[in-house]
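What follows is calculated from the coordinates using simple rules that are stated; it is not laboratory data. Nothing here was measured: the structure is a model prediction, and the numbers come from that model. FYI the Cβ positions are ideal-geometry reconstructions off the backbone, even for glycines, and counts take in every protein chain you see.
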Amino acid sequence: MPQFADTPRFAAIIVAAGTGSRAGQSLPKQYVRWRGKPVLRHSAETLLAAGAQPLAVAIAPDAADLAREALAGLDSIILVDGGATRRASVAAGLEALAGERPEHVLIHDAARPTLPQPVIARVLAALDDHPGAIPALPVVDTIARTKDGIMTGQEDRTALARVQTPQGFRYADILSAHRAWDGDEEPTDDAQVLRAEGKEVAVVAGDERLAKLTFAQDFAMQAPPVRTGTGFDVHALAEGEDLWLGGCKIDHDKGLAGHSDADVALHALVDAILGAIGNGDIGTHFPPSDARWKGASSGQFLQHAVSLASEAGYRVGNLDLTIICEAPKIGPHKDTMREKIAELAGIQIDAVSVKATTTEKLGFTGRGEGIAAQAAATLIREDFQ
């Protein structure tokens, strides 16, 4: 059911035929998963929910399979082979809608996945009085004119605006304008094409959320600034084993049994970090079936988890560890553990907490059969201040 029941019937075009090479992704950016869905699907769902009927998506001729996968399950979609330029792709989309003869059409960039419904409403409403309408934001920075690295003047920013999409048009007017276009340079948007025909384009309020995904850092910046994960691990105490806890060797009559050095505290921290970035658990990366990790120091596991977090664009903010056992006493070793963990994780010691508790003689830890540890990790996006 369209959200705006009182608006004229409208169609929409999403321009998705580019390669997105500047985004540094393994796929064209419109097909990269972003916030749980392909970038393209976000705006497609929003336009359909607003009442777009039909929705033409201009794609690269060799991207049909990617587009079908990204838009699977959505109705009223028309896939159109785009052209070598943005204008050619829009023109192809407009021609594909000729048989539908909609009154209005919205033209949107796939690289703007967050599309607030109020912007759609404002653009469509402006078409009651104008043949075209664009959403735009004011320019808040000083705009300088430069030459050879020297400032030569500045522009009046009150007369400038940052143009966004979707841009709205009376369908017959924009179709005619595209068919008549013979400019020497390619237009950067469709409002330019309409104005070349002498038609007026209204400006309505845009929205900061309509940010365009262009570069690799744009994708990274959309990740949450803070992520958390938890970890829990248990190892049995056994005769004849060394006891490693928190990266430190502790004198005790028993040690922890396991494939590696069985440092239950570091294992819990590793799982907390991996959990925060959604990258499996310690067994995924260091399976006990792999002979390489027989007797291995768990410190390298923690360092690996930190490096994976860095590759995902995050640094460790703080680590909080609780060791659960009756013996040995953890208190005398806390600060040494904190220092070692901070060293392994590459963080300040005041970002590491080590606590200890008992289970009041209850359960396997209370009977001295093993040691448990639970941990929480807070990760902060690298570019977040």
With Cα coordinates, the longest principal axis of the chain makes an angle with the long axis of helix 264-276, in degrees rounded to 10, of 10
Taking every pair of distinct Cα atoms and averaging 1/r, then inverting, what Kirkwood hydrodynamic radius in Å comes out for region 10-221? 17.7
Convex hull (Cα only) mean projected area of the chain, reported in nm² to one decimal: 26.8
Longest DSSP-loop-exposure-free segment, GluC sites (Glu not before Pro), the chain, at most 10 other Cβ within 10 Å: 1-184
Taking only C-alpha pairs under 8 Å that are 6+ residues apart, what is the relative contact order of the chain in percent? 14
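Assuming R0 = 25 Å, what is the FRET efficiency of Ala296 and Asp335, from their Cβ-Cβ distance, to the nearest 0.05?
Numbers: r = 25 Å, r/R0 = 1.01.
Taking R0 as 25 Å, the efficiency between Ala296 and Asp335 is 0.50.
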Lys pairs, the chain - Cα-Cα below 13 angstrom, 8 or more residues apart or on other chains: 6
Quick one: among Asp233, Asp242, Asp184, which has the greatest mean-square fluctuation in a GNM of the chain with alpha-carbon springs under 10 angstrom? Asp184
Per 5 Å bin, what percent of the C-alpha pairs of region 226-381 does each bin hold, from zero upward? 2, 10, 20, 24, 20, 14, 7, 2, 0
How far apart, in nm, are two points set 7 Å out from the Cα along the Cα-to-Cβ line at Asp251 and at Ser307? 3.5
Mind checking Rg over Rh on region 94-142, alpha carbons, Kirkwood formula for Rh? 1.04
Which residues in region 352-378 have a backbone N closer than 16 Å to a point placed 7 Å from the Cα of Arg315 along the Cα-to-Cβ line? 352, 378
What is the distance, in nm, between label points placed 7 Å from the Cα along the Cα-to-Cβ direction at His285 and at Thr358? 3.5
What does the net charge come to around Ala372 if you take all other residues with beta carbon closer than 12 Å to its beta carbon, with K and R at +1 and D and E at -1? -3
Taking every alpha carbon pair in region 43-156, what does the distance histogram look like in 10 angstrom bins from 0, in percent? 11, 35, 28, 15, 10, 1
If r is the Cβ-Cβ distance from Glu155 to Arg179 and R0 is 35 Å, what FRET efficiency results, to the nearest 0.05? 0.55
Nearest 10 degrees, 0 to 90: what angle lies between the long axis of helix 298-311 and the longest principal axis of the chain (Cα atoms)? 10
Projected area, mean over directions - region 314-385, Cα convex hull, nm²: 5.2
Say R0 is 51 Å: what FRET efficiency, to the nearest 0.05, do Asp148 and Ala72 get from their beta-carbon distance? 0.45
